[in-house]
Amino acid sequence: MSTQPASILSEIVNEATGRRAFLTRASTLGLALPGVGLLAGCSTSDPDQTGGAARSPADTGTAVPQAGTVLQNSNSRLDTAHDVSGHTKSTAEGAAIGVQPIPFRRYDPALPPLSRERTLRLNWSATEVPIHISKDVVVAAWTFENDIPGPVVHCRVGDTVEFSLTNRGKIPHSMDFHAAQIDPKVAFRSVLPGESLSFTFRPRHAGAFMYHCGTAPVLMHIGSGMYGAIIVDPPTPLPPAKEFVLVQSEFYLAPKERGVQAFDYNKMLATMPDYVAFNGRPSQYVEEPMRVKVGDRVRFYVVSAGPTHPCHFHVVGEQFDTMYLGAPPAMPLRGVQTFSVPAGGGMIFELVCDIPGEFPVVNHGFGHGQKGAIGFLVVEA
Amino acid sequence: MSTQPASILSEIVNEATGRRAFLTRASTLGLALPGVGLLAGCSTSDPDQTGGAARSPADTGTAVPQAGTVLQNSNSRLDTAHDVSGHTKSTAEGAAIGVQPIPFRRYDPALPPLSRERTLRLNWSATEVPIHISKDVVVAAWTFENDIPGPVVHCRVGDTVEFSLTNRGKIPHSMDFHAAQIDPKVAFRSVLPGESLSFTFRPRHAGAFMYHCGTAPVLMHIGSGMYGAIIVDPPTPLPPAKEFVLVQSEFYLAPKERGVQAFDYNKMLATMPDYVAFNGRPSQYVEEPMRVKVGDRVRFYVVSAGPTHPCHFHVVGEQFDTMYLGAPPAMPLRGVQTFSVPAGGGMIFELVCDIPGEFPVVNHGFGHGQKGAIGFLVVEA
Amino acid sequence: MSTQPASILSEIVNEATGRRAFLTRASTLGLALPGVGLLAGCSTSDPDQTGGAARSPADTGTAVPQAGTVLQNSNSRLDTAHDVSGHTKSTAEGAAIGVQPIPFRRYDPALPPLSRERTLRLNWSATEVPIHISKDVVVAAWTFENDIPGPVVHCRVGDTVEFSLTNRGKIPHSMDFHAAQIDPKVAFRSVLPGESLSFTFRPRHAGAFMYHCGTAPVLMHIGSGMYGAIIVDPPTPLPPAKEFVLVQSEFYLAPKERGVQAFDYNKMLATMPDYVAFNGRPSQYVEEPMRVKVGDRVRFYVVSAGPTHPCHFHVVGEQFDTMYLGAPPAMPLRGVQTFSVPAGGGMIFELVCDIPGEFPVVNHGFGHGQKGAIGFLVVEA
């Protein structure tokens, strides 16, 4: 390959304006991320990319091509570069402007129950659609299942997750589950508009994992809303608790255009967000708090989707009696006031609600946290 | 409540200039933090806010109203918005300009000894006063006890801390101890100028905890100097050591006005500090180092007050043989060169001084650390 | 000393332009870092700085003056301030411009084998030389051994490292090994151009440690390329694995001048890098991946050189079954997707390659990671 990564990266940083620069950039960055071959202009099969068939699915991930699905894009121009070129915004070709936006609603932070079955079948769509993240702010979102974050997935170590993604948008998208052990080149490759992909995996480790679109440039796809949480229970369940999932993320927005704010790639690179939110809506749990009873153990699964900043997670008026940096129940920390969940990571925070009250749940890095990464845990007597 | 968090937050980020925008902002953000009801325009009692009386104080925090103290502000306009409106600086109404500044002095980093009594009675004042953070730089500080940081509190797990705060400033202030398990809505609520509040708590977990003013906008109150450390010893004391408390914080300053630099809220939101310091004075322990003897075990209690950045804590020429991410003595890490203390968090770092020398103590994230988060540990033969 | 740290720091931050400001700054910051006396204008001997002779070398570090080496600079003007004054760039006096640049080559990420001998003798040079970090980008580097990063050092707990540094550049440089327990004032002091220094140490803790130039301003010396990794094995070796060393760092560059980009100190202070790279070349392991076989255990020693940002380390399609925050083998974390290695720190990440595939290795904080902190681990069947 004759790419010149540094010089092209230089174009991103120092210019990132012209259409040509962006096309070049996106193609190059594609090389560095899942769906790699897709962008290299290779339109025919590559043995390394047809994988899955000869691989034992036992205890590992497999990626089986669906009928009617090509394993790689047939034309490199059809990847992300196609649509975000020129203005480097999420509104490529008006995809998400001029459409009726999805109304504001609270994102339910409660961890959904486990299914009885040990196989989860998830048939999701990637979409490009305007969404209200507050009554007054509409963003030109790229989503899984028309929401930011996408749905919470809840399973156990050793369960089988059969996942399929249908791309109902106008640019390529993909899916990267942090809980999967699988060949990203095959399973996490980009899916063309109108096409589908499926893969299967069995989570090996318990924890709070991120998922996200990995199509290049991944900063743009995460930054535009394509992320969520998959919670994996250990073989022996953790103690009973009221369980909440909080996905922190940043919003980098362009000015309103016909009532909608696109996501802005250059602002993402400048790392100064307009909002930081738990579960996609700034301060939503201030208005409608999380509620538990005195005596409840509360378990927070905190995922930092980023795309860039960590979450310095803290509950005002409380400490975490138990905290897991890695897979529970190993190596619990005790008596933690605040811990930093890295971008692209997830951690578990537990406390016992001994007293009634209204406890703010915050990102204690307030320069960013003040922008909406805040909510209330109300403990009722 | 009919607030519209996102749109108002938008005003902060994109404008944050006009008086009206700021008033709206501060009121809204108030909703998201302790003292919530205070800002919502509710001037009558709320059962949830009168708490404390019916709650058992045993092993938990209690907040008992002092004679002459109202449990909530009677007028939402009296909160922070009142004074920082317009120029969004800490010099509201000249409170801290035109007053004789507190002279420069070294902040003693030594952990103060435990008292013999198991009950600590702390009667503190919140003030607004100019302070020398160096010979030439005077800041328009908001403080606990006329200092940045406030005094170090030292107690044991299970001790009783009886705390009262009298607000001798011109705007509301409050106190949030990270070591307390208590209803923030009651105990950490804002106190009007001239009034007092008291509450009692018993720390449950050992560690290095932050305390700070939680009045909205909390970024402004932490950013203007209202923070400090409370060190909680475990039931079984840790091994004998020379113990130091280092509170790292950032300074975001406006240009000099009559010799004083106010804190600047917009710079806080931009997260690019002018100084980063241990214990409130850039590089003070370069001039007057911490001193120990060969053979001493040294224990650093490091608190990152932020408001935004972590401290990548490191001692040049040494490694930490023991480090606690959570409550000691559980789960010690061994052989650590550098660890990141999150904003709003605290950790414990230990080393044994085998050899004499001069060991720089730094925030190894030098883009920020170079701005004053640096000092010396001198080990004398 | 009558320095006025805060006011001078103020000059850095608010002006940092004039020659006088910079000279003043560098001298002051020198006080806060190894080589302190060097900048304080002291031209005669100081008992505290002649150390080493009276100190037992057993199990500790020693710093013995080489013949012909002075223990401190004889003239404070000869330190960093001398050469980076005025334009605050790494091209002082054209040192690294107009010289033939070192061609681009891949930095081998494989951990070099241990030597049989228990004593390592390292005779290194500090240099100022232009280096290709990609085919098209040449930086005016300050280096150890003409490379960014410098060579990987590999040893065992208790080995003896006899290190000497000869300064072949035009400004003072020094060496700070995070794996050494030694008096920085002596061992890590600045070496004048044309002179040499040597010291000896025995690493006490296993782990992935950073080394770097500590000459003031340290932000400039780290930021201009003077860093690397020293890997210390525990007394009982860790399980066999394919071992890689990844040093993440940031590049803050000035515009091209005669084909070369100098490092820019003001951009370092603004903390918004142009590139972020593993082992000094953006995206080099995209072009030429790390390669292992199915069944291999892979161990990554990840060092964040900064100078400012952490590395949110992640491997796409995998989880780390074992991770060490401190010295291995104590306290292993299990099932980690992403962990943040602090600037100035190092951590160890392990996974077993069960399946073939192409696994991107990334900094998952994509606002920075997208700028080149990305590569591939290719697992071959």
In nm, spacing of pseudo-spin labels at C:Glu257 and A:Lys256 (7 Å Cα→C-beta vector): 4.7 nm
Would you mind checking C:Lys135/C:Lys242; B:Lys267/C:Lys135; A:Lys89/C:Lys256 for any pair whose Cα atoms are more than 31 angstrom apart? B:Lys267/C:Lys135
Peptide C:209-220, shielding by other chains (average Cβ, 10 Å cutoff): 3
Remind me, what semi-axes does the range B:234-329 give for its equivalent ellipsoid, largest first in whole Å, using sqrt of 5 times each Cα gyration tensor eigenvalue? 32, 16, 11
A:Phe376 long-range amide H proximity, modeled H, under 5 Å: A:Tyr285, A:Val286, A:Met290, A:Val361
Per-residue average of Cβ from other chains inside 10 Å of B:309-316: 6
Cα-based Rg/(2.2 N^0.38 Å) for the range C:111-192, rounded to two decimals, is 1.23
Among all the lysines, which ones have a C-alpha under 20 Å from B:Lys185's C-alpha, if same-chain residues fewer than 8 places away are not counted? A:Lys293
Provide the per-residue ³J(HN,Hα) series for the range B:181-189, in order, calculated from phi with Karplus coefficients 6.51, -1.76, 1.60 and θ = phi - 60°, each as a whole number of Hz, with x at glycine and proline positions. 9, 6, 6, x, 4, 9, 6, 9, 5
Taking the Cα atoms of the range C:304-354 alone, what are Rg (to one decimal) and Dmax (as a whole number) in Å? 11.2, 35
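Using Cβ counts within 10 Å as a stand-in for footprinting exposure, how do B:Glu128, B:Glu162 rank, fewest first?
Working: B:Glu128 29, B:Glu162 15.
Starting with the residue having the fewest Cβ neighbours, the order is B:Glu162, B:Glu128.
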³J(HN,Hα), Karplus 6.51/-1.76/1.60, whole Hz, each residue of the range C:276-284, x for Gly, Pro: 10, 9, 8, 6, x, 10, x, 6, 4
Residues whose modelled amide H sits under 5 Å from the amide H of A:His173, counting only those 5 or more places away in sequence or on another chain, are A:Val191
Could you give each residue of the range B:158-175 its phi-based ³J(HN,Hα) in whole Hz, using Karplus coefficients 6.51, -1.76, 1.60 with θ = phi - 60°, and x for Gly or Pro? x, 4, 9, 10, 9, 10, 9, 10, 10, 8, 9, x, 10, 10, x, 9, 7, 9
Rounded to the nearest 0.05, what FRET efficiency do A:Ala381 and B:Arg116 give with R0 = 35 Å and r taken as the Cβ-Cβ distance? Could you check? 0.40
For the range C:163-240, what are the per-bin percents of Cα-Cα distances with bins 5 Å wide, up to the bin holding the maximum? 3, 15, 23, 24, 16, 9, 6, 3, 1
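What is the projected area of the convex hull of the Cα atoms of the range B:287-381, averaged over all directions, in nm²? Present the calculation step by step, with values, prior to reporting the outcome.
Values: hull surface 24.0 nm².
Over all viewing directions, the range B:287-381 projects a mean Cα-hull area of 6.0 nm².
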Zone of A:Thr160's modelled label, taken as backbone nitrogen in the range A:100-135 under 11 Å from a point 7 Å along Cα→Cβ: A:118-121
5 Å is the cut-off here: which amide hydrogens, built 1.01 Å from N in the peptide plane, fall below it relative to C:Lys371, excluding neighbours closer than 5 in sequence? C:Val276
Quick check on the range C:199-278: what are the equivalent-ellipsoid semi-axes from the Cα gyration tensor, as sqrt(5λ), descending, whole Å? 32, 16, 10
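What is the mean number of Cβ atoms from other protein chains located within 10 Å of the Cβ atom of each residue in peptide B:317-330, rounded to a whole number?
Values: counts 16, 6, 11, 3, 5, 1, 2, 3, 10, 13, 8, 2, 1, 5.
Whole-number average of other-chain Cβ neighbours for B:317-330 is 6.
Since every read-out is calculated from the coordinates, none of them should be taken as a lab result. The structure displayed is predicted, hence computed values, not measured ones. Every residue, glycine as well, gets a Cβ built from its backbone with ideal geometry; the counts of neighbours run over all protein chains shown.
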